[in-house]
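Contents: one structure, followed by commentary.
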Amino acid sequence: MIMSKQKNILLGHGSGGRLSHQLIQDIFVKHFDNPFLRKQGDSAILEMDSSSLAFTTDSFVVDPLFFPGGDIGKLAVAGTVNDLAVAGASPKYLSASFIIEEGFSIELLEQIVISMAAEAAKANILIVTGDTKVVDRTKCDKLFINTSGIGTLGKSSGDITTGKHIATGDKIIINGHIGDHGMAVMGARNQLQIKTKIDSDCASLNGLIHEAMQIEGGIQFMRDATRGGLATVVSELCSDKTYGIDLYESQIPLRDSVRGMCELLGFDPLYVANEGKVVMVVAARLVDKVLEKLRNHKYGKHANIIGEITENHPGKTWLHTTIGGKRMVDMLAGEQLPRIC
């Protein structure tokens, strides 16, 4: 096992890829084990009397704090909203906790909090509780934020996180271009002078997802493609399953500017983080109706079918490349871009 060989935490343990999964299994699930945690969805689905709730938590350590298209505050709200929304829940309430380094600018802190308030208003949620800690200089890199969220769940939404109804022939959809967030942060972090500005796709997707869920029986599974990117989502989806996945490179939306930057820096865009992209598995008979709903929303104008569930190569994902070949797609093995969210 990876954890038995590795004595110390690596940056790769925070990548959302194979090292992250191994850490979660060997340490956290092992000692915190319970039926809710065992499902390992983006949100835990909880039964409270006669109601169902989705509950999630996340921490944000992005570097730099401000980047084209967003900042750590907007990211914290949108990221938590999206974790609830891809579970099929309607996000209602958030908490927000701040770990602040001594000497951090109060003006910048207020700017970040204003950004959080604005994104919360867009997502129609309330930030209802929180906490603040200040640590000595050099004990924290400027500012870290932790958010937790609660959402209500409809009766038909509980199985979306498990994908238990996925069937051969179902189609895989993404709501737009991949890799924007990772490359926007990378450009800002290294002050790269690129001719075409790349903005992060950071956005709360609960409105978009709500529209798509109006097609009853259409969505079989959802996951937001954050750390580890699209490749890690689909690899995890079919891992140890009786079905496989075929992806079609020519159908995956990718901006020329992002492709060019990835080629320049040696990144595979399939593994680059997104903060406004949801991957859906949709019943084949309803895929056109779901696509129509997505494309009519501002965050889904470039939605496309990018693959399908197949009975071939169970447990594996194969990418059909634009040059006519095929290659296997696996989880991110290490860390492509640290401190991306």
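The amide H of LYS277, built 1.01 Å from its N in the peptide plane, has ALA225 as neighbours under 5 Å, considering only residues 5 or more places off or on other chains.
Extension gain for the segment GLU292 to ASP33, taken as residue separation times 0.36 nm less the Cα-Cα distance, is 89.2 nm to one decimal.
Look at the alpha carbon pairs under 8 Å that are at least 6 residues apart: their mean separation over the length of region 34-153 gives a relative contact order of 38 percent.
The residues TYR243, TYR93, TYR271, when put in order of fewest to most other Cβ atoms within 10 Å, stand as TYR93, TYR243, TYR271. Taking the helices alone, the chain has a mean residue ellipticity at 222 nm of -7500 deg cm²/dmol, built from -39,500 (n - 2.57) per DSSP H run of at least 4 residues and averaged over all its residues.
Provide the FRET efficiency to the nearest 0.05 for the ASP26-ALA121 pair, computing r from the beta carbons and using R0 = 56 Å. Plugging the Cβ-Cβ distance into 1/(1 + (r/R0)^6) gives 0.85. Contact order, relative form, for the chain: 24 percent (alpha carbon pairs under 8 Å, 6 or more residues apart, mean separation divided by residue count). Contact order for region 171-329, expressed relative to its length and based on alpha carbon pairs under 8 Å spaced 6+ residues apart, stands at 42 percent.
Taking Cα centre as origin and charging only the Cβ of basic (Lys, Arg, +1) and acidic (Asp, Glu, -1) residues, the dipole magnitude of region 109-211 rounds to 220 debye. Is there a pair in LYS122/LYS171; LYS7/LYS164; LYS197/LYS316; LYS171/LYS316; LYS39/LYS277; LYS39/LYS122 whose C-alpha atoms are over 26 Å apart, and which pairs would that be? Pairs exceeding the cut-off: LYS122/LYS171; LYS7/LYS164; LYS197/LYS316; LYS39/LYS122.
A protection proxy built from the mean count of other Cβ atoms within 10 Å ranks the segments 181-191, 320-330, most packed first, as 181-191, 320-330.
What the Cα atoms of region 171-329 give is an Rg and a Dmax of 15.5, 47 Å. For region 1-154, the share of alpha carbon pairs falling in successive 5 Å distance bins from zero is 2, 9, 15, 18, 18, 17, 13, 7, 2, 0 percent.
Highest mobility in the GNM of the chain, judged by mean-square fluctuation with C-alpha springs under 10 Å and restricted to GLU308, GLU110, GLU249, is found for GLU110. Charging the Cβ of each Asp and Glu at -1 and of each Lys and Arg at +1, and nothing else, the dipole of the chain about its Cα centre rounds to 420 debye. The listed peptides 10-22, 67-79, ordered by packing as a protection proxy, come out as 67-79, 10-22 (highest mean of other Cβ atoms within 10 Å first).
The numbers here are math on the coordinates, done by the rules we state, and not lab data. In this text the structure is predicted, and so the values were computed from the model without any measurement. All Cβ positions, even for glycine, are placed from backbone atoms using ideal geometry, and neighbour counts span all protein chains on display.
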